[in-house]
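Structure first, commentary second.
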Amino acid sequence: MPGKFEMYTDKAGKYRYRLKAGNGEIIAVGEAYNSKAACQNGIESVKRNAPTAEVREVSQVEAKKR
């Protein structure tokens, strides 16, 4: 079974998405969006950018700066 994006509203009423693998495991989550359209745009951005995204290991110091 292929992976899927799930879009939902959180307790604060914000829109969010999660990406689930074919086995149902959550493998990525998005930030909180104020509108459904913005959340959908976030999903489309991941779809567009992920296939060619670079994988880069960062130190703990660098990760905290982000």
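A few points about this structure:
- In the condition set (1) at pLDDT 95 or above; (2) open to solvent by 100 Å² or more (accessible area, probe 1.4 Å); (3) in a loop (DSSP other than H, G, I, E, B); (4) not aliphatic (A, V, I, L, M), residue 13 is compliant with all but (2).
- Meets criteria (out of contact with any Ser or Thr (no Cβ under 7 Å at 6 or more places or on another chain) and of a type in the set (Phe, Trp, Tyr)) for residue 15: no
- Tally of residues being exposed (fewer than 13 other Cβ atoms within 10 Å of the Cβ) and in a strand (DSSP E or B) across the range 1-10: 3
- Here 35, 45, 59 are screened, and the one residue that is hydroxyl-bearing (Ser, Thr, Tyr) and under 13 Å from the mean Cα position of the chain (by Cα) is 45.
- Inside the range 16-40, residues that are in a helix (DSSP H, G or I) and exposed (fewer than 12 other Cβ atoms within 10 Å of the Cβ) make up a count of 2.
The values are calculated or read from the model by the stated rules, or taken from the named source; none is laboratory data. Source: prediction; values computed, not measured. When we count neighbours, we look across all protein chains shown, and the Cβ atoms used for this are built from the backbone with ideal geometry, even at glycine. Heads up: the accessible areas ignore ligands, DNA and RNA and are worked out on the full protein's heavy atoms, side chains in. Shrake-Rupley method; radii C 1.70, N 1.55, O 1.52, S 1.80 Å.
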